[in-house]
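S.K.: Take this structure first; my questions come after.
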Amino acid sequence: MANPWRGDVALVIDGESCVMRLTLGALAELEAGMAADSLMAMVERFESSNFTSRDVLALLGAGLRGGKCGVSEDALYHAEIAGGPIAAARAAAELLARAFTVPEA
């Protein structure tokens, strides 16, 4: 079960529920591998709806690794995500937001 206080976000991939989390290591990996100057640049892209599908996949991949879901990058690229690309983008944005904010009680 996804715990928003830990920054968890649930996503159904190929019929299996996965809990994603951007740990500090996952954030460092994301920062090193993304085509942005900083994580805040990534946040700004999502806030302004100026993100790419590559941004979504990078966030989901980092979150899956941070949540220890065991979905490989190749599997993610070919996966069926419940709700399609819009659900994937929403989950990526929520994952990024939860890494930097505290959920409301």
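S.K.: For the chain, what does -39500 (n - 2.57) per DSSP helix run (n ≥ 4), summed and divided by total residues, give at 222 nm, in deg cm²/dmol to the nearest 500?
M.R.: -16000 deg cm²/dmol
S.K.: State whether region 10-65 is rounded, prolate or oblate according to the following rule on the C-alpha gyration tensor (a ≥ b ≥ c being the square roots of its eigenvalues): a/c under 1.5 gives rounded; otherwise a/b larger than b/c gives prolate, and the remaining case gives oblate.
M.R.: It comes out oblate by the Cα gyration axes.
S.K.: Quick one: with all protein chains in place, what share of the accessible area of the chain is carbon or sulfur, to the nearest percent (1.4 Å probe)?
M.R.: Values: 3360 of 6310 Å².
C and S atoms contribute 53 percent here.
S.K.: Taking K and R as +1 and D and E as -1, what net charge do the other residues with C-beta under 9 Å from the C-beta of Gly67 add up to?
M.R.: +2
S.K.: While we're here: Express the relative contact order of region 15-75 as a whole percentage, based on alpha carbon pairs under 8 Å and six or more residues apart in sequence. Walk me through the intermediate numbers first.
M.R.: Working: 51 pairs, mean separation 33.4, N = 61.
Relative CO of region 15-75 lands at 55 percent.
S.K.: Rolling a 1.4 Å sphere over the protein heavy atoms, what is the accessible area per residue of the chain, to the nearest Å²?
M.R.: Details: 6310 Å² over 105 residues.
That works out to 60 Å² for each residue.
S.K.: Relative contact order of the chain: what whole-number percent is it, with Cα pairs under 8 angstrom and at least 6 residues apart?
M.R.: The normalised contact order for the chain reaches 39 percent.
S.K.: Please get the size of the charge dipole for the chain, origin at its Cα centre, with Cβ charges of +1 on Lys and Arg and -1 on Asp and Glu, quoted in debye to the nearest 20.
M.R.: With only Lys, Arg, Asp and Glu charged at Cβ, the dipole is about 200 debye.
S.K.: Could you work out the equivalent-ellipsoid semi-axes for the chain, taking the square root of 5 times each eigenvalue of the Cα gyration tensor, largest first, in whole Å? Kindly include the intermediate steps, with their values, before the conclusion.
M.R.: Numbers: eigenvalues 67, 52, 36 Å².
Its equivalent ellipsoid spans semi-axes of 18, 16, 13 Å.
S.K.: Continuing with this model, one more query. Listed highest first by mean packing, meaning other Cβ atoms within 10 Å per residue, what order do 76-82, 20-26 come in?
M.R.: Result, highest mean first: 20-26, 76-82.
S.K.: Also, I was wondering about something else. Taking the alpha-carbon centroid of each part, what is the distance from region 42-59 to region 1-18 in angstrom?
M.R.: Measuring centre to centre over Cα atoms gives 19 Å.
S.K.: So what's the net charge close to Val19: Lys and Arg +1, Asp and Glu -1, counting the other residues with Cβ under 10 Å from its Cβ?
M.R.: In short, +2.
The values are calculated or read from the model by the stated rules, or taken from the named source; none is laboratory data. No experiment lies behind these values; they were computed from the predicted model shown. Every residue, glycine as well, gets a Cβ built from its backbone with ideal geometry; the counts of neighbours run over all protein chains shown. Side chains included, ligands, DNA and RNA excluded: accessible areas come from the protein's heavy atoms. Shrake-Rupley method; radii C 1.70, N 1.55, O 1.52, S 1.80 Å.
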